[in-house]
1. Where does each of 217, 147, 322 land when they are ranked from fewest to most other beta-carbon atoms within 10 angstrom?
2. List 58, 214, 206 from most exposed to least, where exposure is judged by having the fewest other Cβ atoms within 10 Å.
3. Give me the Kirkwood hydrodynamic radius of the range 90-168 in Å, from all C-alpha pairs, to one decimal place?
4. Which FRET efficiency value, to the nearest 0.05, is calculated for residue 35 and residue 112 with the Förster distance at 30 angstrom and r the Cβ-Cβ distance?
5. What is the gain in length, in nm to one decimal, between residue 178 and residue 310 on full extension, counting 0.36 nm per residue of separation less the C-alpha to C-alpha distance?
6. For a quick check of your reading of the filter: which GluC sites (Glu not before Pro) in the range 100-202 sit in a DSSP loop and have no more than 14 other Cβ atoms within 10 Å?
7. Starting from the Cα-Cα distance between residue 119 and residue 18, subtract it from 0.36 nm times their residue separation and give me the gain in nm to one decimal.
8. Using only the C-alpha atoms of the range 13-188, find the volume of their convex hull and express it per residue in Å³.
Amino acid sequence: METMKTLTTRSLGNSNVQVVPLMLGGNVFGWTTDEATSFRLLDAFVDRGFNFIDTADVYSKWVPGHQGGESETILGRWFARSGKRKDVVLATKVGMDLGEGKKGLGKRYILEAAEASLKRLQTDHIDLYQSHKDDESTPLEETLEAYRQLIEQGKVRLIGASNYTGERLRLAIDVARRQGLPTYQTLQPEYNLYARQAYETDLAPVAARYGLGVVPYFSLAAGFLTGKYQTKQDAEGAKRGAMVGRYFDDRGMRILKALAEVERETGAKQASIALAWLLAQPTVTAPIASATSLEQMESLFAAVDLKLDDAQVAKLTEASAY
């Protein structure tokens with residue numbers, strides 16, 4: 001029997017929670033992967049020693065006939081069937097519009113939404129509960145007070161922020177410190193080889209200053225950085241075709257060219273290379289990536305072991321310069 005090697009872990013922000021530096025995106029569960037396929041992907045992920053899984057209450061409300069909660073529900077059924085909840089650092093999110101007034105970061109709503117997520121997930125606690133988007137209509141201290149209550153009840157371990165500006169994130173952390181409230185330990189921003197400027201100029205300095213764990217979403221730019229699409233026409237008809245198509249400008253083509261060159265040098269797949277570039281960035285803890293097949297999952301696994309040399313990192317950084 002082959003002995004599974006021990007994977008390197010990183011701390012989640014300033015906490016003692018350890019995660020393998022790759023986060024499995026659960027947005028596809030119940031959307032582009034059915035329940036049986038989702039179960040196979042989840043089993044493969046955890047059985048290989050990975051432990052960090054991301055979802056949200058709003059996944060996948062955008063699908064006709066869905067109401068939100070589909071991804072959490074599938075995860076909950078998998079936990080019940082597999083008994084692997086103890087092996088997972090589970091992250092979910094609150095705040096996006098679920099309809100019927102269910103949105104935002106008010107205290108009453110967060111407490112209600114957390115209970116609904118816990119029920120769907122069939123668990124008694126959420127390891128990382130994240131504000132899915134900023135809610136400037138709610139005082140920061142009200143949001144953090146809701147999280148304080150959930151943490152004291154043992155229903156949440158850590159909290160994180162997504163889709164905040166650098167200034168609002170800094171304000172939230174300063175409010176938490178002044179008032180003795182829980183502080184955000186993680187940041188979930190859009191960040192990849194193509195989408196760099198907003199994160200690097202506005203958010204990265206805040207993440208570095210406060211020691212936040214950064215878990216970027218759209219790490220593969222909706223599949224653009226995987227090498228699957230070489231022209232805009234290739235993307236037409238794909239589920240995310242319109243989204244992918246916007247990357248095919250001069251800069252996007254330079255990025256694809258650099259990825260192809262590093263692929264020839266390393267023998268690694270372009271998806272692995274794009275994730276490895278993120279992992280080489282000083283503020284990144286674990287990029288988020290989704291998979292719809294076991295073959296795609298192997299590319300994600302390979303990224304954690306892939307160490308790009310300085311010249312390869314520089315080539316990709318220069319090609320994607322903004």
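1. 322, 217, 147
2. 206, 214, 58
3. 12.5
4. Numbers: r = 26 Å, r/R0 = 0.87.
My answer for the efficiency is 0.70.
5. 43.4 nm
6. Listed in order of number, the matching sites are 100, 136.
7. Numbers: separation 101, 0.36 × 101 = 36.36 nm, distance 2.50 nm.
Extra length from residue 119 to residue 18 when fully extended: 33.9 nm.
8. 112
Each reported figure results from applying straightforward, stated rules to the coordinates on display, with no laboratory input. Owing to the predicted nature of the structure, the values given are computational and were not obtained by experimental measurement. Positions of Cβ are generated from backbone atoms using ideal geometry, with glycine treated the same way; all protein chains shown enter the neighbour counts.
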